[in-house]
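The values are calculated or read from the model by the stated rules, or taken from the named source; none is laboratory data. Keep in mind that what you see is a predicted model, and the values were worked out from it rather than measured. Here the Cβ is made from the backbone with ideal geometry for all residues, glycine too, and neighbour counts use every protein chain on show.
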Amino acid sequence: MIQEQKGNQTILKDSSDNFDTFFEVLSKQLPDFKAQNLIIDLSGNSKVTNSSIKQFVAISKLHKKNKKSFVIVANAIDFTSVPVSLIVVPTLLEANDIIEMEDIERDLGF
């Protein structure tokens, strides 16, 4: 797993091209990132499916309880069948935009 820190956000990228291994490592290390907005970059993994994306629902809900953003970047999936509790976008730029908007909403008390 590749980690990149930018301000109050962390980008975690799957470097192994093995989603199951990445998900397992992320699940174990998640407490280390509870104070960070997270971007999970799966755009380089062509084997990611909608069912694998759905595994992030519980992690996303837990992270959002801590008032932090959780955004997944994936481009080889059907966006219409992603659970509404997840934020999945096709590019890192859009992920950054989502985090900025959510930070503004939190600052305004929403």
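Considering the range 28-85, and only residues there that are touching a Leu at 6+ places or on another chain (Cβ under 6 Å) and among the small types (G, A, S), the residue that is farthest from M1 (Cα to Cα) turns out to be S60.
Checked across the range 37-60, the condition of being surrounded by fewer than 18 Cβ atoms within 10 Å (Cβ to Cβ) and under 19 Å from E105 (Cβ atoms) holds for no residue. Selection of the range 77-110 for residues being at negative phi, small (G, A, S) and loosely packed, with under 14 Cβ neighbours inside 10 Å yields S81, S85.
When the test is whether a residue is buried (at least 18 other Cβ atoms within 10 Å of the Cβ) and without any contact (Cβ under 8 Å) to a residue 40 or more places away in the chain, K13 passes it. Taking the range 27-81 as the range and being touching a Lys or Arg at 6+ places or on another chain (Cβ under 8 Å) and charged (D, E, K, R) as the test, the residues that pass are K34, D41, K67, K68.
Restricting attention to the range 9-62 and to residues that are basic (K, R) and modelled with pLDDT of 90 or more, the residue that is nearest to the chain's Cα centre (by Cα) turns out to be K13. Consider L30 carefully, then state whether it is buried (at least 19 other Cβ atoms within 10 Å of the Cβ) and free of Cβ contacts under 8 Å to residues at least 60 places away in the same chain. No, not satisfied. Of all the criteria given as (1) closer than 29 Å to F110 by Cα; (2) more than 13 Å from the chain's Cα centre (by Cα), the one not satisfied by L92 is (2). Within the range 45-74, the residues that satisfy the criterion of being in a loop (DSSP other than H, G, I, E, B) and in contact with a strand residue (DSSP E or B) (Cβ under 7 Å, 6 or more places away or on another chain) are K68, S69, A74.
Within the range 75-110, the residues that satisfy the criterion of being in a helix (DSSP H, G or I) and under 18 Å from I11 (Cβ atoms) are L92, L93, E94, A95, N96, D97, I98, I99, E100, M101, E102, D103.
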